[in-house]
Every structure is written in structure tokens, then in C-alpha cells.
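A.B. asks: There's a structure below that I have some questions on.
Please treat every number below as a calculation from the coordinates, not as lab data. Just so you know, these numbers come straight off a predicted model, no measurement behind them. Ideal geometry is used to build each Cβ from the backbone, glycine not excepted, and the neighbour counts take in all protein chains shown.
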Amino acid sequence: FLESLTDAVVVGDSRGIVVAFNSAACRMFRVQRQEVRSLLLKELMPEPHRSRHDGYLFQHEKRGEERLIGKTRNLQGMRRDGEVFDLQISLG
């Protein structure tokens, strides 16, 4: 199903490990399919979000804070080569 979508889809688990990454996401982040297995979500974002991401996960898991769930935000992503680009995310 994910491969049929034209939008990039990245799914991470509660530890911040990428568990699903469709072809559109590979193109957007310029990641080869074989690289996806070792990716952490925070590797796809520039500072300051990269170094704060574990804290965001902690807040969500331990405190039940869901300020971003169901909302769309404009942020920046970071490709494997370090190039920063604008993107829109929706967390579910």
C-alpha cells in the first residue's frame, strides 16, 4: 500500500527507529532502499530538532503529550548529504 502513494511516508517506532519508508520518501530524502534499515528518524532532520528528538519521544511515550498528533506542520528535513529542505509533516 505505501508504495502506491505519491507522498513520502516515513513510519517510526517508539524508539525513533524507521520501520517503514516508501519509495517516495527514498526519493525525497535521497536514501537508497538498503540504507533505510539503519535509519533513525532524527537522522532525517536538521538541528535543533535532531538533538531534541529523543526528548520529544520521551514526552510522547512517558507523559502522553500529543500536541502534534493529527496536526500538519511545516518543518525542515535533511537529506543524507546534509542538504536541508522544506517539508510538511502530519503525525499520526
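A.B. asks: For the pair S51 and F85, how long in nm is the line joining their label points, each one 7 Å along Cα→Cβ?
C.D. replies: 2.6
A.B. asks: Run the quick spin-label model on R73 and S14: label points 7 Å from Cα toward the beta carbon, then report their separation in nm to one decimal.
C.D. replies: Here the answer is 2.1 nm between the modelled labels.
A.B. asks: Modelling each spin label as a point 7 Å along the Cα-to-Cβ direction, I'd like the F1/E35 distance in nm, to one decimal.
C.D. replies: Placing both labels 7 Å along Cα→Cβ, they lie 2.8 nm apart.
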